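Contents: one structure, followed by commentary.
The values are calculated or read from the model by the stated rules, or taken from the named source; none is laboratory data. Bear in mind that the values here come from a model prediction, so they are computed numbers and not experimental data. In this analysis, Cβ positions are derived from the backbone assuming ideal geometry, glycine residues included, and neighbour counts consider all displayed protein chains.
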């Protein structure tokens with residue numbers, strides 16, 4: 001598998017994503033979804049101009065995914081999510097699934113309140129809860145890696161998008177039926193003090209960024225190995241082995257970071273050779289750095305940057 005060269009369009013789109021994230025991190029208002037949505041639409045207008053008239057599905061798509069994220073946890077989000085499923089199928093006929101992923105990413109970035117996500121993501125350490133989460137995360141990662149390895153790039157991207165939307169539907173149903181078995185099962189895997197599905201949303205947006213910006217199966221598989229396999233293995237090793245902490249982040253263990261590096265490096269080495277070990281090291285360092293962003297988002301951004309340069 002060969003990694004594609006960096007393009008001006010990829011640079012611009014990544015800068016657009018960073019603009020939305022930075023705006024959210026340094027906002028003063030408590031509710032700024034409308035302002036972020038306006039930024040996302042402005043970016044869409046530019047992309048529409050750059051990409052040409054065949055991209056007329058761009059703005060409607062951003063609107064659909066914006067409201068899917070904005071209505072998260074409400075019963076009226078399910079029809080919007082089903083509309084998003086239809087959009088994926090229709091837009092994929094007239095454009096690439098990479099374009100559809102870009103649309104979904106901009107829409108969701110415009111709707112998610114990252115400040116709230118970060119504030120609620122502080123309680124961790126319950127071994128049973130973490131293990132349940134990580135086993136499921138690892139399993140999903142294996143499924144996605146197999147998809148990108150065995151089927152076409154566009155089909156694998158479409159499958160990833162549909163799985164993301166399906167996750168929204170499940171979480172919406174669970175949050176609106178809190179006396180049901182589904183809610184109890186999903187919540188049994190959540191950290192204390194978090195809204196149901198918050199961690200999954202951050203993981204989903206990081207995944208969306210990789211399939212939207214990266215242009216080859218090898219690139220995407222390396223990023224997914226970090227987000228799904230490396231992250232889950234690192235957590236399971238870290239909470240079970242304990243041991244010394246990282247000097248630059250006392251919440252992360254050396255054993256967990258080492259496990260993260262080994263997993264990502266093994267996958268990356270199989271795909272791109274010796275440079276894969278360097279990518280594994282970069283991912284492990286990024287995962288251990290403490291930032292205002294969710295780990296999955298920060299690692300995705302760092303890996304996308306270096307994969308585009310590779």
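Summary table
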quantity: Failed criterion for residue 179 (all others in (1) part of a loop (DSSP other than H, G, I, E, B); (2) modelled with pLDDT under 80; (3) out of contact with any helix residue (DSSP H, G or I) (no Cβ under 8 Å at 6 or more places or on another chain) hold); calculated: (2)
quantity: Residue match in segment 261-281 (condition: part of a helix (DSSP H, G or I), under 23 Å from residue 200 (Cα atoms) and more than 20 Å from the chain's Cα centre (by Cα)); calculated: no
quantity: Enumeration of residues in segment 205-244 that are surrounded by fewer than 18 Cβ atoms within 10 Å (Cβ to Cβ) and in contact with a strand residue (DSSP E or B) (Cβ under 6 Å, 6 or more places away or on another chain); calculated: 243
quantity: Residue 303, sole failed condition from (1) more than 20 Å from the chain's Cα centre (by Cα); (2) closer than 18 Å to residue 213 by Cβ; calculated: (1)
quantity: Residue check for residue 256: buried (at least 23 other Cβ atoms within 10 Å of the Cβ), assigned to a helix (DSSP H, G or I), at negative phi and under 18 Å from the mean Cα position of the chain (by Cα); calculated: no
quantity: Test: residue in segment 64-84 that is surrounded by 17 or more Cβ atoms within 10 Å (Cβ to Cβ), part of a helix (DSSP H, G or I) and at pLDDT below 75; calculated: no
quantity: Test for residue 87: is it more than 30 Å from residue 250 (Cα to Cα), modelled with pLDDT of 80 or more and outside any helix (DSSP H, G or I); calculated: no
quantity: Number of the exception - residue 254 against (1) out of contact with any strand residue (DSSP E or B) (no Cβ under 8 Å at 6 or more places or on another chain); (2) over 23 Å from residue 19 (Cβ atoms); calculated: (1)
quantity: Some residue of segment 205-217 being at pLDDT 90 or above and over 26 Å from residue 64 (Cα atoms); calculated: yes
quantity: Some residue of segment 282-291 being out of contact with any strand residue (DSSP E or B) (no Cβ under 6 Å at 6 or more places or on another chain), surrounded by fewer than 19 Cβ atoms within 10 Å (Cβ to Cβ) and modelled with pLDDT under 90; calculated: yes
quantity: For residue 250: the one exception among (1) touching a residue at least 24 places away in the same chain (Cβ under 8 Å); (2) in a strand (DSSP E or B); calculated: (1)
